[in-house]
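J.: First the structure, then my questions, so here it is.
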Amino acid sequence: MQTRFVVLGLAALLVAAAGCHRAGHSADAAETAREPRPLHLDHAQPRLPTLKLWLGGQEITAEVARRTVEIATGMMFRTNLAENEGMLFVFARPYRAAFYMRNTTVPLTAAYLAPDGTILELHDLEPLNEKPVTAATDLVQFVLEMPRGWFARHGVQTGAVVRTPYGGFAEVDWLTLGPRAQPPPGPPPRP
C-alpha cells in the first residue's frame, strides 16, 4: 500500500513537472514574441507647456520637455518650427548629452546648456540623421533646440546665458515652470 502511494506520488510529481515545463516554455515564447515598447511616441506630441526665454535681446517661446516620453519624442514628426520658437529639454542632473534626429525632418541647431543656462556647445543637427551628436562635456543639464542657424543669425555664441522670466535657471521650478519657492525667512540674527 505504501509503495502504491509512493508510485502515485512520483507520477503526480512528474505530471506537475511536465505541466510546469510547458507553461514556462509558452511564457518564454510569449515573452520573446512581445516587442519592447519604445520610449517615444509614434506621432508628433501635442504642444508642450511653454516658458519664455531670453538670449541677449531675443525673446524665445520654448516648449519644455521634462518627462521621459516628452524628451524621447522631442521634435519627432513635427513639420515646422517658427523662427523664435524652440524646445527646451530638462534633465534631472548634468550628464554627457547626445542628441540625434530620428523621425525629425525640421533642420535644427541644438545648444547644450550648463545647469546655470550657459551655452556650452552649439551643434547643427541633420534631418533624419540617427547618429548621436555627443557633447564634449558631461556638464549638460539642458538642451535648447531652435531652427537651424538661429543662434548664428542672432549673434548668439557659446558662453551666452539663457534667461527666464524669473532670472537664471536656478530660479525656475522645473516641475511647475513657475518661480522657485523662496525659503521662509529664518529667525532674526542674534545680537
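J.: Find out how many positive minus negative residues lie around T134, taking Lys and Arg as positive, Asp and Glu as negative, among other residues whose Cβ is under 15 Å from that of T134.
T.: Local net charge: -3.
J.: Here's a follow-up. Taking the Cα centre of region 50-172 as origin and charging only Cβ (+1 Lys, Arg; -1 Asp, Glu), how large is the dipole, in debye to the nearest 20?
T.: The dipole magnitude comes to about 160 debye.
J.: Which residues' amide hydrogens lie under 5 Å from the amide hydrogen of F142, considering only partners 5 or more residues apart or on another chain, with H built in the peptide plane?
T.: Result for F142 returns L113.
J.: Given labels modelled 7 Å from the Cα in the Cβ direction, how far is it in nm from L175 to R153?
T.: If labels sit at L175 and R153, their model points lie 3.8 nm apart.
J.: Can you figure out the FRET efficiency of D138 with R190, using R₀ = 30 Å and their beta-carbon distance, to the nearest 0.05? Provide the component values of the computation, followed by the final result.
T.: Values: r = 43 Å, r/R0 = 1.43.
Working from the Cβ atoms, E equals 0.10.
J.: Give me a comma-separated list of calculated 3J(HN,Hα) values for region 63-76, in order, Karplus coefficients 6.51, -1.76, 1.60 applied at θ = phi - 60°, integers in Hz, x for any Gly or Pro.
T.: Coupling constants for region 63-76: 5, 10, 9, 10, 8, 3, 5, 5, 5, 5, 7, x, 8, 3 Hz.
J.: Using modelled amide H (1.01 Å from N, peptide plane; none on Pro or chain starts), what sits under 5 Å from the amide H of L108, excluding residues fewer than 5 places away?
T.: Those qualifying (amide H under 5 Å, at least 5 residues apart or on another chain) are L125, R148.
J.: So what J values fall out for region 87-102 if you push phi through Karplus, 6.51 cos²θ - 1.76 cosθ + 1.60 with θ = phi - 60°, rounded to Hz, Gly and Pro as x?
T.: 9, 9, 9, 10, 10, 4, 8, x, 7, 8, 5, 8, 10, 9, 10, 4
Values in this text are rule-based calculations from the coordinates and carry no lab data. This one's a predicted model, so the numbers in the text were calculated from it and none came from an experiment. Reconstructed Cβ throughout: ideal geometry from the backbone, glycine too, with neighbour counts over all protein chains shown.
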